[in-house]
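> Okay, handing you the structure first.
Where a number appears in this text, it was derived from the coordinates with a stated rule and is not lab data. Bear in mind the structure is a predicted one, so any value in this text is a computation, not a measurement. FYI the Cβ positions are ideal-geometry reconstructions off the backbone, even for glycines, and counts take in every protein chain you see.
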Amino acid sequence: MWKKEDSKPQGVAETSSLIVPPASTVSSHRDAPAFSPATAQPPVSGKAAACISQGIKIKGEITGSEDLFVDGPVEGKINIANGSLTVGPNGTVKADLVAREVVVRGRVEGKIAGKERVQLWSTGQVNGEIQTQRLAIEDGAVLRGKVETGKPLDKGNEERSSVATAGKANGATVSAGTTI
């Protein structure tokens, strides 16, 4: 009697037992298994950042909603509304940057607006303006320009505090959000 298994050459695995899940069902957890040739698809991560490497040069405007890692030359504007923007150690950016969080490990020339936080690593160099709620600067980082930290004041509070300051006879008052 003929059997299907007898007709296969020895040492060849049966391919029908290999099931590759569609991309939409692949786990997006960080604990997902590493890529293996048997699955034919790399694991998909919702936290993976888009990347601009050294070999790519961009002039213009970049907008997006996911995290971005820039490790090459960029000129123009970068707006990552609710994401994190990282300028890698080989990144040279001449642009205005807007993101929830900005990490500088390379060179930036322009305005940086980090809604929550801006972090300058020891290899980071900034020439321009920084506006953020929180600023972290590691020893060795270079910063030349204007810095505004703290929560932004609305017009009503700003006028009231200037009237209160003018009413005091001696001494100055400094509040959070004041440019130093």
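Rundown of residues vs (1) of a type in the set (D, E, K, R); (2) surrounded by 19 or more Cβ atoms within 10 Å (Cβ to Cβ); (3) on the phi > 0 side of the Ramachandran plot, yes/no style:
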position: Ala95; (1), (2), (3): no, yes, no
position: Glu101; (1), (2), (3): yes, yes, no
position: Val104; (1), (2), (3): no, yes, no
position: Arg107; (1), (2), (3): yes, yes, no
position: Ile112; (1), (2), (3): no, yes, no
position: Leu120; (1), (2), (3): no, yes, no
position: Val126; (1), (2), (3): no, yes, no
position: Leu143; (1), (2), (3): no, no, no
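> For segment 128-141, which residues satisfy the criterion of being under 17 Å from Lys77 (Cα atoms) and surrounded by fewer than 16 Cβ atoms within 10 Å (Cβ to Cβ)? Let's see the steps before the verdict.
Initially, segment 128-141 is screened for residues under 17 Å from Lys77 (Cα atoms), giving 128-131.
Within segment 128-141, just Glu129 meets the criteria.
> Oh, and also: Among the residues of segment 61-85, count how many are of a type outside the set (Lys, Arg), surrounded by fewer than 16 Cβ atoms within 10 Å (Cβ to Cβ) and part of a strand (DSSP E or B).
7
> Now for a different question. Being acidic (Asp, Glu) and either touching a Leu at 6+ places or on another chain (Cβ under 7 Å) or under 17 Å from Val103 (Cα atoms) (or both) is the filter here, so list the residues in segment 53-68 that pass it. Walk me through it before giving the result.
Initially, segment 53-68 is screened for residues acidic (Asp, Glu), giving 61, 66-67.
If the condition is that a residue be acidic (Asp, Glu) and either touching a Leu at 6+ places or on another chain (Cβ under 7 Å) or under 17 Å from Val103 (Cα atoms) (or both), then Glu66, Asp67 are the ones that fit.
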